[in-house]
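The values are calculated or read from the model by the stated rules, or taken from the named source; none is laboratory data. Computed from a prediction, not measured in an experiment: that's the story for all the values here. Quick reminder, even Gly has a Cβ in these numbers, built from the backbone with ideal geometry, and neighbours come from all protein chains shown. SASA here: full protein model, heavy atoms, side chains in, ligands and nucleic acids out. Shrake-Rupley method; radii C 1.70, N 1.55, O 1.52, S 1.80 Å.
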Amino acid sequence: MGKYVLKKIASLALTLLAVSFVVFLLFSVIPGDPAVSKLGTQATPERVEALRKELGLNAPFIARYFKWVAGFVRGNLGQSYAYSMPVSKLIGGKLLINATLSVLAIIIVIGVSVPIGVYTAKHTGGFLDKVFTVINQIFMAFPPFLLGLILTFFFGIVLKLFSPGAYVGYERNFFGFLGYMICPAIALALPKTAMCIKLLRTNILEEAKKDYSKTSYSKGNNTTGLLYKYVLKNAIMPTITFVGMIFADMIASGIVIEQTFGIPGLGRSLLSAISVRDYPVVMAIVMLIAFGIVVVSAITDIIHAAVDPRVR
Amino acid sequence: MKRKKNIQLYIGLGILAVLGVFLVLGLIYHPYTSTQMDAGAKLTAPTLKHWFGGDKMGRDIFTRVQEGLKTSLFISFLATAIGTVGGTIIGALSGYYGKLLDDSIMRIIDVLFAIPSILLALVFVSLSGSSMMNVILALGIAVIPSFAKMIRTEFKEQSKLEYVQAAKLMGASDLRILFVHILPNIMPTLLNCVFISINNCILAEAGLSYLGIGVQPPTASLGGMIAEGQGYLRMAPFYVIFPGVIMVFLLVGLGLISDGNAQTFVVRRSAKKDTK
């Protein structure tokens, strides 16, 4: 197990290095000069040149890349062009907002989909199973931001359970912040929950058809015992992988959901940084998101290996 | 074995047919253009004159939803076309030739998976200018990695089978084996990928336009209309409801068709096994 974890961490570091190279390359070839956009179109060529020098844009590509990566490793995310302050200061606090949102959403996905998935698989063809099949199909098709608006309408405007758009900062009132995050988290989680239920149900039914299940059944185990003792253990594997995969999706949809609920998170910083071509901020945010995704995928792989020794 | 009727497929097709009728209706009945403003219809609830109501500038929501649906479909079909061609070629080469080529392509795809494709599309579109062409290009490229990965597995499996070996012995060129012999055999998977990709492109396009990065006004897009209507949720909920309902309808329909397609394939495959 220890060896497997070490191997995973090594491959994680390599992937991140490759990601950083791709991201840096991408932002070097994108047209548009950040120096020009900072000074405006009226700037003289001399001033642009001076600023380019100051920002270190004239150095060769490889040199700039290594400087950037070296800074990253030491926790220095660079200097924002637009605000002339360290990027880490600019987006440090936002990270917690998005992390909370994603974690809450993942908790909802797992907490709701596992019981319902197991229940519908156990009672295949039953009334509730049919109802959930239809509900799943519909929820899968909802874009999270639309769900967000529906939740805002019902819980915010009709039932008045929270005031739409009145974001509560975590530094002011942590529980108020958590409370405000529940609706966005549900909006993010529902489509994925529907997919998760469907996946889990299909996998349980597939595993239940395999030989080992038949053997165990013929040895006198009842359905419930068989389900919880053997089938679920095997059937939950693809779901674990899936939850790791949807994490990436959640971060991306989280950027959109932020706009729906007026949350000043990474998404808002990203959009405003893009609009002024503040590349260091954009690159840092993209890298942080990639970092989160790679780490989560490594964690799911390790959990997978811990539960199922065969994949080690 | 009695073949079960594929209800999902039929419901899905039915939903898309309804949307088709909705679009055709626009060809027959079009008293307004999508940008024509009527001061009296500003944020009015649905009436006989304006079936879906009027938006914040007094434009007819019915007409604009039709245009938005067309925009969504146009973008996602073209983006999927780009993704299909790119993904199939990369996946075919990677799966068929294997070894170093396969390893390097898979490494690159793994790296690209670490960055959410919609995020890349968002950054690309907003930095290179929000035009329809850029949205199509960005989404099309964003689809390629996952497409290639799924197609690769199929090509890898198929290339081990006897009919491929036979074709090789008969002196067929690699290109012929790849696209004349193997490609028709993986059609069900390919079709499934296409459906998933159209689905994802519609969602991604809606997300981009919702953020104001995709298709630019005055061209209508479903995501853009929902974003506009968000501010009027209290006084004019229909502003969000109609584009939202049409979008969910479209996505449910596509989802059902893709599920139904996958199911017929499973039935056919197991039927084949039974006859062996």
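For the range A:266-277, indicate whether the set of residues that are under 16 Å from the mean Cα position of the chain (by Cα) and closer than 30 Å to A:V134 by Cβ is non-empty. Break it down stepwise before answering.
In the first step, residues of the range A:266-277 are kept if they are under 16 Å from the mean Cα position of the chain (by Cα); the result is A:266-268, A:270.
If we keep only those that are closer than 30 Å to A:V134 by Cβ as well, we get none.
Checking the range A:266-277: not a single residue is under 16 Å from the mean Cα position of the chain (by Cα) and closer than 30 Å to A:V134 by Cβ.
In the range B:201-212, which residue that is facing another protein chain (nearest Cβ under 8 Å) and open to solvent by 10 Å² or more (accessible area, probe 1.4 Å) is nearest to B:S126 (Cα to Cα)? Restricting to residues being facing another protein chain (nearest Cβ under 8 Å) and open to solvent by 10 Å² or more (accessible area, probe 1.4 Å), the top hit is B:L211. Across the range A:59-93, the number of residues qualifying as on the phi > 0 side of the Ramachandran plot and either within 24 Å of the chain's Cα centre (by Cα) or at pLDDT 80 or above (or both) comes to 2.
Assess whether A:L12 counts as being under 27 Å from the mean Cα position of the chain (by Cα) and either open to solvent by less than 50 Å² (accessible area, probe 1.4 Å) or away from chain B (no Cβ under 14 Å) (or both). Outline the logic, then answer.
Working: under 27 Å from the mean Cα position of the chain (by Cα): yes; either open to solvent by less than 50 Å² (accessible area, probe 1.4 Å) or away from chain B (no Cβ under 14 Å) (or both): yes.
Yes, satisfied.
Just to be sure I understand, how many residues within the range A:251-269 are hydrophobic (A, V, I, L, M, F, W, C) and either more than 9 Å from chain B (Cβ to nearest Cβ) or over 18 Å from A:G148 (Cβ atoms) (or both)?
Start the filter on the range A:251-269 by keeping residues that are hydrophobic (A, V, I, L, M, F, W, C), which leaves A:251-252, A:255-257, A:261, A:263, A:266.
Then keep just the ones that are either more than 9 Å from chain B (Cβ to nearest Cβ) or over 18 Å from A:G148 (Cβ atoms) (or both); that gives A:257, A:261, A:263, A:266.
Looking only at that region, the number is 4.
Of the set (1) surrounded by fewer than 19 Cβ atoms within 10 Å (Cβ to Cβ); (2) in contact with a Pro (Cβ under 6 Å, 6 or more places away or on another chain), all apply to B:I108 but (2). Which of the residues belonging to the range A:164-175 are open to solvent by 70 Å² or more (accessible area, probe 1.4 Å), in a loop (DSSP other than H, G, I, E, B) and without any contact (Cβ under 8 Å) to a residue 12 or more places away in the chain? Within the range A:164-175, A:R172, A:N173 meet the criteria. When you look at A:R64, is it open to solvent by 30 Å² or more (accessible area, probe 1.4 Å), in contact with a Gly (Cβ under 7 Å, 6 or more places away or on another chain) and not aromatic (F, W, Y), yes or no? Judged against the criteria, A:R64 is a match.
Every residue in the range A:219-236 that is part of a helix (DSSP H, G or I), modelled with pLDDT under 80 and surrounded by fewer than 17 Cβ atoms within 10 Å (Cβ to Cβ), please. Reasoning before the result, please.
Within the range A:219-236, the subset part of a helix (DSSP H, G or I) is A:223-236.
Now drop any that are not modelled with pLDDT under 80, which leaves A:223-230.
Passing the criteria: A:T223, A:T224, A:G225, A:Y228, A:K229.
Pairs are defined by a Cβ separation below 9 Å, a sequence spacing of at least 6 or placement on different chains, a first member in the range A:178-206 that is open to solvent by 10 Å² or more (accessible area, probe 1.4 Å), and a second member that is of a type in the set (D, E); the pairs so defined are A:K192/A:D249; A:R201/A:D129. Name the single residue, out of those in the range B:134-173 being within 22 Å of B:D102 (Cα to Cα), hydrophobic (A, V, I, L, M, F, W, C) and open to solvent by 70 Å² or more (accessible area, probe 1.4 Å), that is farthest from the chain's Cα centre (by Cα). Per the criteria, the residue is B:L161. The residue of the range A:237-249 that is nearest to the other protein chains (Cβ to nearest Cβ), among those that are at pLDDT 85 or above and in contact with a Leu (Cβ under 8 Å, 6 or more places away or on another chain), is A:F242.
Filtered by the rule that a residue be more than 9 Å from chain A (Cβ to nearest Cβ) and in contact with a helix residue (DSSP H, G or I) (Cβ under 6 Å, 6 or more places away or on another chain), the range B:223-242 gives B:G224, B:M225, B:Y232, B:Y239, B:F242.
In summary, B:I118 fulfils each of the numbered conditions (1) buried (at least 24 other Cβ atoms within 10 Å of the Cβ); (2) more than 7 Å from chain A (Cβ to nearest Cβ) with the single exception of condition (2). Under the condition of being within 14 Å of chain B (Cβ to nearest Cβ) and open to solvent by less than 20 Å² (accessible area, probe 1.4 Å), the residues counted in the range A:120-136 number 1.
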